[in-house]
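The values are calculated or read from the model by the stated rules, or taken from the named source; none is laboratory data. Everything numeric in this text was worked out from a predicted model, so none of it was measured. Glycine gets a Cβ as well: all are built from the backbone with ideal geometry, and neighbour counts include every protein chain shown.
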Amino acid sequence: MAHVTFITQLRQFTDGVACLDVDARSVQQVLRILGDKFPALAPHLEAGVAIAIDGQIYQDALFQEIGPDSDVHILPMIAGG
């Protein structure tokens with residue numbers, strides 16, 4: 001199972017849960033599972049988040065594959081130019 005970690009700003013929507021293991025093979029599946037588990041988090045996931053998978057940050061990662069032992073971090077969308 002992939003290990004998912006929430007940054008501090010998002011933990012207010014997960015009832016303080018900092019991390020959990022998720023059985024998913026893509027970012028899209030992870031976001032769906034997290035939205036179902038934490039309904040208060042769902043709108044923030046739908047608005048857009050950045051995802052770090054095994055240390056690599058993805059801005060547009062819905063279909064990015066996740067390995068069974070991946071370390072996934074949910075981050076606020078990264079802006080810049």
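Here the condition is being in a loop (DSSP other than H, G, I, E, B), out of contact with any Lys or Arg (no Cβ under 9 Å at 6 or more places or on another chain) and at pLDDT below 90; of Asp15, Asp60, it holds for Asp60 alone. Scanning segment 23-33 for residues that are modelled with pLDDT under 95 and either on the phi > 0 side of the Ramachandran plot or of a type outside the set (D, E, K, R) (or both) gives Ala24, Ser26, Val27, Gln28, Gln29, Val30, Leu31.
Within segment 37-63, the residues that satisfy the criterion of being under 19 Å from Leu20 (Cα atoms) and surrounded by 13 or more Cβ atoms within 10 Å (Cβ to Cβ) are Lys37, Phe38, Leu41, Ala42, His44, Leu45, Val49, Ala50, Ile51, Ala52, Ile53. Of the residues examined, Val27 is one that is β-branched (Val, Ile, Thr), closer than 16 Å to Met1 by Cα and either surrounded by 10 or more Cβ atoms within 10 Å (Cβ to Cβ) or in contact with a Ser or Thr (Cβ under 8 Å, 6 or more places away or on another chain) (or both).
Among the residues of segment 46-57, what is the count of those that are of a type outside the set (A, V, I, L, M) and modelled with pLDDT of 90 or more?
Going through segment 46-57, the residues of a type outside the set (A, V, I, L, M) turn out to be 46, 48, 54-56.
Next, only the ones that are modelled with pLDDT of 90 or more stay: 54-56.
Qualifying residue count, segment 46-57: 3.
Within segment 18-57, the residues that satisfy the criterion of being part of a helix (DSSP H, G or I) and over 18 Å from Met77 (Cβ atoms) are Gln29, Arg32, Ile33, Asp36, Lys37.
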